[in-house]
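Just so it is clear, none of the values below were taken in a lab; they were calculated from the coordinates. The model shown is predicted, which means the values in this text are computed figures rather than measured ones.
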Amino acid sequence: MISAARTIKPQRGFTLIEIVMVLAIAAIVMGGAVGLMIYSSDERILRNASAEIELLAKRARTIAILHQTPYALEFREGVVRLLPLAQAGLSEKANRRNEPEPDVVNSDENRQFDLDGGMAVLIRRWNSDAWLPTVKKAVHVWRFDPDGLCEPISVRLVLGQSWSEDIFHPLTATIRDSQLEAR
């Protein structure tokens, strides 16, 4: 007996609706990822600047102990510099005159961190509630003594609507407490 069995070939491929749905889901995921990257760019910049200032503070404390000479971090508009306390707070022209020749400069002793464009730095001294801005002619000096102590200080970095606030420990020159708000 011969039976006429029909074999049905399964269809291969995707329907147009399935392809459109996958592309729509991929677009939503990519849009969210791009939004998070843009959103977190301010946070990343603030965290990097905060880490650089902490690194300079640790370096200032270490150099002050090793050389038994007071060192300082100098906060000016757009820049944070590590230098001997005797040079801190002087005008930039006077600092250029007091700097040693480039081949004599020890790279650990004279460092600076340039802040990203538009970032503002505010300083709050110990036992004060006022945030002091670094404006064109204002210079804030954070002193590091040879015995390893430094003034308790808070540093606030502002970038647009986002800000980061770090409270430094006076014995270790490290960040004791930190707050960040990225918008």
For this session: Could you list which residues have their amide H under 5 Å from that of VAL79, counting only those 5 or more apart in sequence or on another chain, with H placed in the peptide plane?
Result: LEU115
Seminar exercise, completed: Applied in sequence order to segment 133-138, the curve 6.51 cos²θ - 1.76 cosθ + 1.60 (Karplus, θ = phi - 60°) yields integer Hz couplings, x standing for Gly and Pro, of x, 9, 9, 3, 9, 8
For this session: List the residues whose amide H sits under 5 Å from the amide H of GLN112, counting only those 5 or more places along or on another chain, with H placed 1.01 Å from N in the peptide plane.
Result: LEU82
